[in-house]
Number of protein chains: 2
Amino acid sequence: MKSFLELENALQEKSNLGKITFAVPCPYEESILVALSEGTRKGFCKGVLVGDCRKIEETAKKSNIELTPFEIVEEKEDAVAIERSCELLEDDAVSCLMKGLVHTGAFLKGILQRKNLLTSSLLTHVAVYEIPDRDLLFVSDPSIMVQPTIEQKKIIILNALHVMRQIGISHRRVAVLSSVEAPAPAVPSSVEAFEIVRDLRPSLSQEEYIEGPLALDNAFSLEAAALKGLSGPVAGKANLFIVPSLDAGNIFCKGLTYIGNFPSAGIVAGTRKPVVLTSRSAGKEERYHSMLLACLMA
Amino acid sequence: MKSFLELENALQEKSNLGKITFAVPCPYEESILVALSEGTRKGFCKGVLVGDCRKIEETAKKSNIELTPFEIVEEKEDAVAIERSCELLEDDAVSCLMKGLVHTGAFLKGILQRKNLLTSSLLTHVAVYEIPDRDLLFVSDPSIMVQPTIEQKKIIILNALHVMRQIGISHRRVAVLSSVEAPAPAVPSSVEAFEIVRDLRPSLSQEEYIEGPLALDNAFSLEAAALKGLSGPVAGKANLFIVPSLDAGNIFCKGLTYIGNFPSAGIVAGTRKPVVLTSRSAGKEERYHSMLLACLMA
């Protein structure tokens, strides 16, 4: 899979198309309604807007969005709107959840409180980028875990691989990133990467490969990998980058989005049903791409 | 300054042009000789190649480079070639130093052993990127310090500002990066950024501004900064990004180079005379751009 357009095409072959419903607490942002409206117009999904009717109508008016295709559940309080949305997901009344104009912490807390929604001991985040002439690039975790331990990093990897499988990525090549490509005590992330790879490798499926520590150049570029004498199924062609820390992942991903201008998407990993988590500054494309991921996973 | 071409133009106005000499220990890589040859051909500098004559000749032959414009100092052993190059710099026999095909550690050790070459208690690294429609973007430190303390980060900043002044960047706008834009105890780098900014701000010159913590989107994009209600001389228009750690800086910078394909350069900070430090996988453009920086600083 090389692009979000390919994801959209793949989605059209799904049997449950048009029956996928998104609950969105506090959808008071134009880009949210625009993305949701696009998904509805194309027949991919339906939307359940949970929040203050007046605010929803105001937002729709500003962005010239028709509200008729949507179901609206009136909940004036933000906290209650989050709770109600999570309840709809838990009760299978909707298929997916998408964050509206609410704080990430409050949104994640709402999910964490309903154990039935969780399939993993950790909620983690996966960012997805479309880079020209490459397979879609998955990055985890750039948003939730600040300084994950080795055990937590293993869960981050397993969560992200599960997301990739659900989306339909057949060959999953994991690079556990550091600043160097050999374990060096002076660079703790490189030693951690070595241990993670050693521990996880035996349990991965036939379509899954893992290498690390790898520096980003050696993970991404076949030429750079060759210069360092690195070969194998991952070096130079990884499609899942595991970052050593929140700081590294956040700065890297924001660099891809804001400096590189690469199309992107984001999805929560570790939940029974798809949860879209995009930052407040995300545009309508990022939100729409994220909805595509969720629809494929639903 | 928006591009390396502008740097090249600025260089042409320098009075010492053509007298700037580079010592290069072990220049056994085509891209090194090609970049050096380009600088010589354009009349910017001269080259002193320190190493094994036979290996130098072989490399020159492969890349079809004429060796006549260069001075060659025969030193068969790599370690001795590094030592000899540093000595030439210390004795003012050359104006700049450029790393050849030697290990970064051995190269930096050679410099650190000659106290006369140092102006700072730390050797740090500054990477420079050319991003369309932006001022040249400086990033520090993505290569040397693994997990700098607050005091070390202050030195990283002062070193980088000194480099920018020497290059002729008149307005220097420092963003101390983290994953969030407000100090939060859960994200240690954000608290550190807050302290660094508070401590350094009073001592900076009138043309220098500092803000932090800033997330990368808020440091780079005026739109993203406005969404968060951030204004002032730095948010959205920073031209010096201070990264929280080696991992964050290394992955970010390699992302800009390998995924974003932005033209780049690299220079050591904290030395009395310019030292070019590029990685082994650097191409001839990166090496040539780095030489331009060094020539402007010489």
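Some points to look at:
- Residue, surrounded by the most Cβ atoms within 10 Å (Cβ to Cβ), within the stretch B:1-45, restricted to residues that are of a type in the set (Gly, Ala, Ser) and part of a helix (DSSP H, G or I): B:ALA35
- Among the candidates A:VAL146, A:VAL174, the residue that is under 22 Å from B:CYS253 (Cα atoms), at pLDDT 95 or above and assigned to a loop (DSSP other than H, G, I, E, B) is uniquely A:VAL146.
- Only a single criterion out of (1) more than 14 Å from chain A (Cβ to nearest Cβ); (2) under 17 Å from the mean Cα position of the chain (by Cα); (3) at pLDDT below 95 is not satisfied by B:LEU158, namely (3).
- Qualifying residues in the stretch B:177-188 (those that are of a type outside the set (A, V, I, L, M) and either part of a loop (DSSP other than H, G, I, E, B) or more than 12 Å from A:VAL146 (Cβ to Cβ) (or both)) - the one nearest to the other protein chains (Cβ to nearest Cβ): B:SER179
- Conditions (1) surrounded by 15 or more Cβ atoms within 10 Å (Cβ to Cβ); (2) closer than 29 Å to A:GLU8 by Cα: number failed by A:SER205: (1)
- From the options B:PHE22, B:PHE44, residue that is within 20 Å of B:LEU101 (Cα to Cα) and aromatic (Phe, Trp, Tyr): B:PHE22
- Helices (runs of 4 or more DSSP H) completely within the stretch A:189-297 that count 3 or more residues being within 14 Å of chain B (Cβ to nearest Cβ): A:216-220, A:222-227, A:246-254
- Scanning the stretch A:133-163 for residues that are buried (at least 24 other Cβ atoms within 10 Å of the Cβ) and basic (Lys, Arg) gives a single hit, A:LYS153.
Each row is one residue, and each column tells you yes or no for (1) of a type in the set (Asp, Glu); (2) within 19 Å of A:VAL102 (Cα to Cα); (3) outside the structural domain of A:LEU33 (by TED's automatic domain parsing); (4) touching a helix residue (DSSP H, G or I) at 6+ places or on another chain (Cβ under 9 Å).
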{"position": "A:VAL48", "(1), (2), (3), (4)": "no, yes, no, yes"}
{"position": "A:ALA60", "(1), (2), (3), (4)": "no, yes, no, yes"}
{"position": "A:GLU66", "(1), (2), (3), (4)": "yes, no, no, yes"}
{"position": "A:PRO69", "(1), (2), (3), (4)": "no, no, no, yes"}
{"position": "A:ILE72", "(1), (2), (3), (4)": "no, yes, no, yes"}
{"position": "A:SER85", "(1), (2), (3), (4)": "no, yes, no, yes"}
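- The number of residues in the stretch B:164-187 being surrounded by fewer than 16 Cβ atoms within 10 Å (Cβ to Cβ) and without any contact (Cβ under 8 Å) to a residue 40 or more places away in the chain comes to 5.
The values are calculated or read from the model by the stated rules, or taken from the named source; none is laboratory data. Source: prediction; values computed, not measured. No Cβ is skipped: glycine too gets one built from the backbone with ideal geometry, and neighbour counts run over all protein chains shown.
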